[in-house]
Amino acid sequence: MELLEYYQNQRYSIVNYVPRKCQLPLKGDINLYGARGSGKTTMILDLMQEENEETTLYIDLEDPNLIFNPLTTLVLQHYIDREGITLLILDHYREGYLPTFPNVERLIVLSRIPLHHKELTPVELFPLDYEEFLAFETSVSQSSGFNHFLRSGTLPMIARSQKTNTLVMKNFLKSAFDANEQKLLLVLAQHHTKHLTTHQIYTFAKEKFKVSKDWLYKTMKLFTQEKLVLFIEDRYQKSGKKMLLFDFAFAKYLTLGQPFILQFDTMIALALIKHGIEVQTLGIHGYVTKNDELIIPAPFESEESLWVKSQGKFSIYKKYGIKKVTIVTVANTYDYHIEKLYFEAIPFNEWSVINAEE
């Protein structure tokens, strides 16, 4: 009870909070979930500013005070009833921590992966998309905002930090992942954007550090559920899926000399995923939507160069039923037809906003 009183007496303040596109329901019980670093806790601490402090209880389940004093539903329920708590927030919750949730007027549970509780409305929070990043960057122009986006990536803590990106990335890696997870992330970053199977990842990992097959398969499953690691199926080849880390700047931080085209390619893939657009890869040719639109990352390609390449790949486009080709660039704009197939080049900052609206 003393520990719960301590939690209730804590006061949290959020300075200059930037609202996210993700909106929480005003009523009802919620499971807010998403990858570590996506901004879940900050969103909830901001929500708490509007709530009655006397009837709100926020508990961070990663607090070391709970290691030898784990919470029980019975103790929580007794405290809720005694103090008249109407809003209970459980942060960093893992499935099975409590056998049942206590009875309270409103419950908000934060987790990395969605919880299997029918009474909780699931709400997924992704790291920042480009529009959200610009909202964090209100004092800069769109062109410099895009350059900063390239350097900073999609993690809110880095977009808002006054420190160097490298220092914040280092702190995030050490605080959010244990030693073996860090090693696995380094291996994944070395093979970022490649078509892989989990068995191939295990083979690469055991060459670098001592790792059991059971641990790696279990961890990869958890990373995939959390969407720290994303696999995209291929319409063109069936051996392995394209593997991406959840933040392109984080992937770059973990490797040396990552080519810009890989970073740009990942930016496009993550933008599609965040905007709920289902895609497959088409070999090395780009991403295909369920509407058979092919999206090609081509940051600096000229119209003449793309036209020549398109002629050479046209038979592949016809074979796989492509109905439109969108070429995402850094700054170039152009369009052309080959037979009845329409090709349009559009800069990333415009393309990303269009996709967000659709």
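The values are calculated or read from the model by the stated rules, or taken from the named source; none is laboratory data. Quick caveat: nothing in here was measured; it's all calculated off a predicted structure. Reconstructed Cβ throughout: ideal geometry from the backbone, glycine too, with neighbour counts over all protein chains shown. Please note that ligands, DNA and RNA were not included when accessible areas were found on the heavy atoms of the full protein model with its side chains. Shrake-Rupley method; radii C 1.70, N 1.55, O 1.52, S 1.80 Å.
A Förster radius of 25 Å, combined with the Cβ-Cβ distance separating Glu51 from His116, puts the computed FRET efficiency at roughly 0.40.
Could you work out [θ]222 nm for the chain from helices alone, using -39500 (n - 2.57) per DSSP H run of at least four and dividing by all its residues? Round to the nearest 500 deg cm²/dmol. Can you show the working numbers first?
Numbers: 14 runs with 148 residues, N = 358.
About -12500 deg cm²/dmol.
Seen from Met1, the other residues with C-beta closer than 13 Å to its C-beta sum to a net charge of -3, counting Lys and Arg as +1 and Asp and Glu as -1. Relative to the longest principal axis of the Cα atoms of the chain, the long axis of helix 198-208 lies at roughly 80 degrees.
With the cut-off at 1.5 for a/c, could you classify the chain from its C-alpha gyration tensor as rounded, prolate or oblate?
Details: a/c = 2.15, a/b = 1.77, b/c = 1.21.
The shape class here is prolate.
Ranking Asn103, Ala331, Thr197 by how far each Cα lies toward the positive end of the dipole of the chain (charges on Cβ) leaves Thr197 at the top.
For the stretch 272-314 versus the stretch 197-241, the inter-centroid distance based on Cα atoms is 25 Å. Placing a pseudo-label 7 Å from each Cα along the Cα-to-Cβ vector at Ile316 and Ala331 gives an inter-label distance of 2.9 nm.
All other residues whose Cβ lies under 11 angstrom from that of Phe223 are scored, Lys and Arg at +1 and Asp and Glu at -1, for a net of +3. Accessible surface area normalised per residue over the stretch 59-207 is 51 Å², counting heavy atoms of protein chains with a 1.4 Å rolling probe. Quick note on the stretch 183-329: its Rg to Rh ratio, both from C-alpha atoms and Rh being the Kirkwood radius, is 1.00. Remark: the Cα gyration tensor places the stretch 72-205 in the oblate category, a/c being 1.5 or greater and a/b not exceeding b/c.
Compared with the direct C-alpha span, the chain from Ser175 to Glu105 gains 21.9 nm at full extension, assuming 0.36 nm per residue. Could you tell me how far the Cα centroid of the stretch 55-69 sits from the Cα centroid of the stretch 92-116, in Å? The stretch 92-116 and the stretch 55-69 have Cα centres spaced 13 Å from each other.
Using per-residue counts of other Cβ atoms within 10 Å, averaged over each peptide, order 71-84, 144-157 from highest down. Walk me through the numbers on the way to the answer.
Numbers: 71-84: 14.6, 144-157: 19.5.
Per-residue Cβ counts within 10 Å, averaged per peptide and sorted highest first, yield 144-157, 71-84.
Could you state the angle between the C-alpha long axis of helix 73-83 and the longest principal axis of the C-alpha atoms of the chain, as a value from 0 to 90 degrees rounded to the nearest 10? It is inclined by approximately 70 degrees.
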